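The structure appears below as structure tokens.
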């Protein structure tokens, strides 16, 4: 295993269903991701991209093979270990999934509160600072319903990055956005990731954003087809 | 403990924020809880008033120990025992004096409407203050007059004119058992579930009204103790000394004896407890509806929180926070409206229905349990928030 590896996957298989209906969705996945890398994962629907992403994010239990994230083996990890592992990651979803009853700032704050190591004042300060960085300094106390799609997605990015996670996992973050806002969002992710030195694993169908990747992996029928570096 | 408070202070008050953002839902939940609380308050109030009202006359007795027949079941069916027993009781050390009371129910004609209604008549010794009732004690001389009685001003029914006349010093007349009687003076005990009111007169007048009643068959024996004598000990001594056909009780036991009768031997206590339970269940269902809708609405957000690394108990905490807020805030209108209804009921029925501190605390606790129970049922839906589903 590479010393530098943040995510290291070897011989990973995954199945859905039980008994007769049991169906293999991932086959012999091998993938190493180094610290600071931006990896884009492409492939047709149903190829298993999202499943792989949820396994890396410890949202699903790993069944067989080896999956190490930040040096921690997730195969056979207990529920408590899984929850702990989730806190190392920042998530960006296709839908923004912001809490409707919370303001932009309070939503971002939820990304800090989970760590339990900051005072209220510190959490507020960092949240506002983060919102300023994503260009929403004047929308701090807005509720999600008063923000546009792109703005909501930027709040979601602020929430994911406010705790300076080592890894950011994103599932089609631009799918619900027009090309301009989509471009803005990925540029923002790229810039912030570089500043914070975090690793990004991003699932996308969107050809327009492939240029931000250090490496593109293609997934087909549950197998990793190629792992070509982008020139 | 200190770290817990620090933790709570840092926590975003999600339950409160969720509730206060959905104003309509919040109001529906609050009115539901208020409604349940009013139901519970009224049921408990009526139950308490029933016990209280049936023992008001007992409480006004000027005695330390009471003698009754073992056959007696309550004030209405008190039965009788031999008058000799109260003289025998004087043998027991610590007993200072004993008196007899005669009680009976009779139909009398309302002095205003001339309609027949049932009333409790008590015959007492006019030379002894058997009651702690100023109205009775002031008129002891008057009830020595033939067919003269003192009237309970808190009697349930249409007696406004009669009371006004008595207050003006007049003496209205009416009829009991075909005898004309004269009302003279007022005292206050109040209506109960068993009787609309009470008339107090002398033993002689009582026996005149009920000629078939034997002089030697008395209803209640009042025992006054010497200063320093222990009622419990003397009661035990009386029970040991007197034959089996009479039973001695301390005044407190006599009051409980009456309460016990209504609680155990009639369905009234059960009915009110059932009513209380219904109010509780209505509350649980209403709050559950509100909380489970709220949980359902926020499923995606909860799943996101789980993905971010929040533990299940954090989400449970949100639902319980909502439950406790609902309980506390919903209790306020429930309590205030009940307060108004209590005073309305008191005026309309003369029932001693009072909001005691103990009952307020009890209902508040019940409300908290009600909301927590609803919360506990509503949280079962949280298990469905699967973080893997939201990608």
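All of the numbers you see were taken from the coordinates with simple rules; none came from a lab. Since we're looking at a predicted model, the values are computed, not measured. Every residue, glycine among them, receives a Cβ derived from its backbone with ideal geometry; neighbour counts consider all protein chains shown.
In degrees between 0 and 90, to the nearest 10, how far off the longest principal axis of chain B does helix B:231-241 point, with axes built from Cα atoms?
Approximately 50 degrees, to the nearest ten.
Could you work out the relative contact order of the range B:265-391? I mean the mean sequence separation of Cα pairs under 8 Å and 6+ apart, divided by the number of residues, in percent. Walk me through the numbers before you get to the answer.
Numbers: 92 pairs, mean separation 60.7, N = 127.
Once divided by the residue count of the range B:265-391, the mean separation gives 48 percent.
Could you work out the relative contact order of the range A:131-231, using alpha carbon pairs under 8 angstrom and six or more residues apart, expressed as a whole percent? Write out the running numbers ahead of the final one.
Details: 102 pairs, mean separation 21.8, N = 101.
The value is 22 percent.
I'd like the mean, over residues of B:305-314, of how many other protein chain beta carbons sit within 10 Å of each residue's own Cβ.
Working: counts 5, 3, 10, 15, 15, 6, 5, 2, 0, 2.
For this peptide, the per-residue mean of nearby foreign Cβ atoms is 6.
If you average the alpha carbon positions of the range B:192-262 and of the range B:341-391, how far apart do those two centres end up, in angstrom?
That distance is 43 Å.
Which ordering of B:173, A:174, B:103 is given by a fewest-first count of other beta-carbon atoms within 10 Å? Kindly include the intermediate steps, with their values, before the conclusion.
On the way: B:173 12, A:174 25, B:103 19.
Ordered from fewest to most neighbouring Cβ atoms within 10 Å, B:173, A:174, B:103 come out as B:173, B:103, A:174.
Rounded to the nearest 10 degrees, what's the angle between the helix B:23-54 long axis and the longest principal axis of chain B, both from Cα atoms, 0 to 90?
For helix B:23-54, the angle is close to 20 degrees.
Given the DSSP H assignment, sum -39500 (n - 2.57) over each helix run of at least 4 residues in chain B and divide by its residue total; what's the result at 222 nm in deg cm²/dmol, nearest 500? Intermediate results must be reported in sequence, preceding the final value.
Working: 14 runs with 200 residues, N = 391.
Value at 222 nm, helices only, nearest 500: -16500 deg cm²/dmol.
Okay, helix-only estimate at 222 nm for chain A: each DSSP H run of n ≥ 4 adds -39500 (n - 2.57), divide by all residues, round to 500 deg cm²/dmol; what do you get? Before the final figure, lay out each step's value.
Working: 6 runs with 71 residues, N = 231.
When only DSSP H runs of four or more count, the value is -9500 deg cm²/dmol.
Report for chain B the percent antiparallel among DSSP-assigned beta bridges with both residues inside it, nearest 5.
Working: 31 of 40 bridges.
Roughly 80 percent of the DSSP beta bridges within chain B come out antiparallel.
Assuming a ≥ b ≥ c are the square roots of the Cα gyration tensor eigenvalues, decide whether the range B:279-318 counts as rounded (a/c under 1.5), prolate (otherwise, with a/b larger than b/c) or oblate. Kindly include the intermediate steps, with their values, before the conclusion.
Working: a/c = 6.29, a/b = 2.36, b/c = 2.67.
In terms of gyration-tensor shape, oblate.
Arrange the following residues from fewest to most other Cβ atoms within 10 Å of their Cβ: B:241, A:205, A:96.
Working: B:241 16, A:205 13, A:96 23.
Least to most surrounded, the residues fall as A:205, B:241, A:96.
If you average the alpha carbon positions of the range B:147-162 and of the range A:159-183, how far apart do those two centres end up, in angstrom?
When both Cα centres are located, 84 Å separates them.
If we count other beta carbons within 10 Å of each Cβ, what is the order of B:332, A:38, fewest first? Kindly include the intermediate steps, with their values, before the conclusion.
On the way: B:332 13, A:38 22.
Final ranking by Cβ density, sparse to dense: B:332, A:38.
For the peptides B:16-27, B:43-54, what is the packing order when you average, over each peptide's residues, the other Cβ atoms within 10 Å and list the highest mean first? Please report the intermediate quantities before stating the final value.
Details: B:16-27: 15.7, B:43-54: 21.5.
Output ranking for B:16-27, B:43-54: B:43-54, B:16-27.
For the pair residue B:289 and residue B:361, how long in nm is the line joining their label points, each one 7 Å along Cα→Cβ?
3.4
Using r as the Cβ-Cβ distance of residue B:60 and residue B:380, and R0 as 60 Å, what FRET efficiency do you calculate, to the nearest 0.05?
Values: r = 55 Å, r/R0 = 0.91.
Efficiency, rounded to the nearest 0.05: 0.65.
Taking every DSSP beta bridge with both residues inside the protein assembly as shown, roughly what % is antiparallel (nearest 5)?
On the way: 52 of 79 bridges.
If I count the DSSP bridges inside the protein assembly as shown, around 65 percent turn out antiparallel.
Nearest 10 degrees, 0 to 90: what angle lies between the long axis of helix A:120-133 and the longest principal axis of chain A (Cα atoms)?
Here the helix axis deviates by roughly 80 degrees.
Normalising by the residue count of the range B:142-293, find the relative contact order in percent from Cα pairs under 8 Å and 6+ residues apart. Intermediate results must be reported in sequence, preceding the final value.
Values: 136 pairs, mean separation 28.3, N = 152.
Relative CO of the range B:142-293 lands at 19 percent.
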